[in-house]
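Throughout, read-outs are computed from the coordinates displayed, never taken from laboratory work. Owing to the predicted nature of the structure, the values given are computational and were not obtained by experimental measurement. As a convention, Cβ positions derive from the backbone with ideal geometry for all residues, glycine included, and neighbour counts pool all protein chains shown.
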Amino acid sequence: MSLNYSFQFDAVLEAWPLLAKGTWITVQLSLTATVLGLAVAILGAWAKTSGPAPLRWLVNAYIELVRNTPFLVQLFFFFFALPAFGLRWSAYAAALVAMVVNLGAYATEIIRAGIESIPRGQIEAGLALNLKRHQVFRYVILKPALKAIYPALTSQFILLMLSSAVVSAISADDLTSVAANLQSQTFRSFEIYIVVAGIYLALALAFSLLFRFIYGAALDYPDRR
Amino acid sequence: MRTFGTPEFLFILAAARWTLALSAMAFVGGAIGGLLVALARTSESAVARGVATVFVQVFQGTPLLLQLFLVFFGAPVLGWDINPWIAAGVALILNTSAFLGEIWRGCIQAIPRGQWEAADALGLHYVARMRDVVLPQAFRIALAPTVGYMVQVVKGTSLAAIIGFTEVTRAGQIINNATFQPLIVFGSVAAIYFVLCWPLSLLAGRMERRQAAALAR
């Protein structure tokens, strides 16, 4: 097979300030969505395990809806359909909300599984020590639950960062949006997407190192597991 | 200006056959690729293990959308003419191979070591050992997560819309551009995906619970 194509990475490399800015926006979107999505998920998991029945039903409907429709469609829904109610917002805001809503549903199920893995006796022991109900949830249930499901939860965070490439479909200024703009100006599509795929790969590695560091700092205490 | 009515809904619904065709293609191709990845990842050859590990790392560590772009814009570089349908199919097959391969590797490794050793002791060579001893047992554990992963495959096909392939999501965009009724248009699109995916999710959940109950006994 002869390759009649000369690779030209100059145009891509010259655009490094744009790529750096796009990378930063992707990182910023992902980290913000991770923190907010985690908060949603903790509330959702609490509602599913100890909330009243109507609330449990509502959370279940939310989870099933989000998990059985594509992220791209959710994104279009937030970006195009919500302004029909008079809510005007930027592509960035719509992208962030879509990411939070998406992660919230997946992470709720993961954290719920973690909470259900806590033995009943441990919760009763917490109550017997005269801890308040919210203290029991915070220290006796949530923290060990997070430790138990940490690998599943952090790989969900990384999946979210990778699927954030999809927000380029509404031009949210993220890394893939920058790449799409560059390719329409330089026509060096293949070179650009190779470089950008490499940046995502590096980000995925950096995120997994960050999560390993957080584990060591916050959750690496001895237990029976 | 058009308003959203039955013909518009039917246009989107008709595009579901392309979503289904793309999903079937990705799943069948991904199952073959995934089996190769799983076998390579559990093989005794360090080269096969290394190649498969790099393949999985690359396809699990980069966005599916970028993989799609690379196939779509990369094929002309190699001198191949490619249309969005083939590009989406190839990218989805490669991506599904990596993810199913990793799921199945876990299932193969969950088969107790003693089974492998017993097969070895009976003088079974590699093919017979995998075909008659290890894979049938791994298949039973793999069924529930595989059905669950099919939901991800169906949802993943929506990205083909971005390179202009008219499946359900792209059909929704076309209708939305003509009617400017995004709420009902994307609501309908979401409903179609939900009808395709929810039964698979329920089935996967039921299989998982039955398996857990069987293991608890």
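Below is a table of values for the structure above.
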quantity	calculated
Footprinting exposure proxy for A:5, A:221, A:62, B:193 (fewest neighbouring C-beta atoms within 10 Å first)	A:221, A:5, A:62, B:193
Kirkwood hydrodynamic radius over Cα pairs of the range B:6-216, then Stokes diffusion coefficient at 25 °C and 0.890 mPa s, in µm²/s	129 µm²/s
Span from the the range A:109-180 Cα centroid across to the the range A:1-74 one, whole angstrom	14 Å
Residue A:7 versus residue A:206: modelled label distance in nm, points set 7 Å from Cα along the beta carbon direction	2.2 nm
Inter-part distance where the range B:188-215 and the range A:78-97 are each reduced to a Cα centre, Å	30 Å
Sorted by Cβ density within 10 Å, fewest first, the residues A:182, A:129, B:124	A:129, B:124, A:182
The range B:25-45 versus the range B:62-107: alpha-carbon centroid distance in Å	14 Å
Local electrostatic count, residue A:149, Cβ distance below 11 Å [Lys/Arg +1, Asp/Glu -1]	0
Cα-only radius of gyration and Dmax that characterise chain A, units Å	21.2, 76
Long-range tail of P(r) for the range B:1-128 (Cα pairs > 26 Å, %)	42 percent
Estimated D of the range A:59-136 in µm² per second, where Rh is the Kirkwood radius over Cα pairs and Stokes-Einstein applies at 25 °C, 0.890 mPa s	162 µm²/s
Set of lysines with alpha-carbon distance to residue A:143 below 22 Å, sequence-local pairs under 8 removed	A:48, A:132
Estimated dipole of chain B in Debye, rounded to 20 [Cβ of Lys and Arg +1, of Asp and Glu -1, Cα centre]	480 debye
Förster radius 41 Å - calculated FRET efficiency between residue B:46 and residue A:130 (Cβ-Cβ, nearest 0.05)	0.10
Chain A, dipole about Cα centre (Lys/Arg Cβ +1, Asp/Glu Cβ -1), debye to the nearest 20	980 debye
Local net charge near residue B:196, Cβ-Cβ under 14 Å (Lys/Arg +1, Asp/Glu -1)	+1
Whole-Hz ³J(HN,Hα) from phi, Karplus 6.51 cos²θ - 1.76 cosθ + 1.60, for the range A:102-117, glycine and proline x	5, 5, x, 5, 5, 5, 4, 5, 5, 5, 4, 4, x, 4, 6, 7
Spin-label model distance (nm) - residue B:177 vs residue B:80, 7 Å beyond Cα toward Cβ	2.8 nm
3J(HN,Hα) from dihedral phi, the range A:58-74, Karplus parametrisation 6.51/-1.76/1.60, rounded to Hz, x for glycine, proline	5, 4, 4, 4, 4, 5, 5, 4, 6, 6, 10, 10, x, 4, 4, 5, 4
